[in-house]
Amino acid sequence: MVVRKILFNGNPLLRKVSKPIKAITPEIRKLVEDMIETMYVNQGAGLAAVQIGELKRLIVIDVSEKKDQPLVLINPKIVAKVKEEIGKEACLSVPGLEGKVSRFQQVRVKARNLHFIDVEVDAEGYFAVAIQHEVDHLDGILYIDRVETGSLKPSREDDDEQ
Ligand code: ZN
């Protein structure tokens, strides 16, 4: 596992649309391991492949308290969403800032797992927000694009970033 460098806002790759993954190869497995390691080292709750420079539709998320339950979603697609609410958000690619964003509090996501088998995940609360934040990355969208006017400010150190 290798800790990879995270790209910051201003890097044009972060604005590109990532491409679907067609098969699980050793390279994809290695990429997933690197992403999980990079997410944990940076105390993130989620990471999209593009954040380490790989334009692939792949995200990892861990919203568990002990950070020992990484979820890998390949080609994720949000198929249902309800209950929009405004909450605080921050991003590893936009260091030092946080802002308020309106997100759905319940989502259902369809994806493939590391065996390339179809999976469906129902997520609520912060888990649901993290999924929307990471799927946005795959479409070249950053949370600062969606931030409530005037809510962007310096972040506190204990904030979760994605
Ligand atoms: Zn992010």
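Just so it is clear, none of the values below were taken in a lab; they were calculated from the coordinates. What you see is a predicted model; the values in this text were computed from it and never measured. Heads up, the Cβs are rebuilt from the backbone with ideal geometry, glycines too, and the neighbour counts pull from every protein chain shown.
Please work out if Ile131 is within 16 Å of the ligand (Cβ to nearest atom), crowded, with 22+ Cβ neighbours inside 10 Å and not hydroxyl-bearing (Ser, Thr, Tyr). Give the steps one after another, and end with the answer.
Values: within 16 Å of the ligand (Cβ to nearest atom): yes; crowded, with 22+ Cβ neighbours inside 10 Å: yes; not hydroxyl-bearing (Ser, Thr, Tyr): yes.
Yes, satisfied.
State yes or no: is Ala128 of a type in the set (Gly, Ala, Ser) and part of a helix (DSSP H, G or I)? Yes; evaluated as a whole, the condition is true for this residue. Among the residues making up segment 79-103, those that are more than 16 Å from the ligand (Cβ to nearest atom) and among the hydrophobic types (A, V, I, L, M, F, W, C) are Val79, Ala80, Val82, Ile86.
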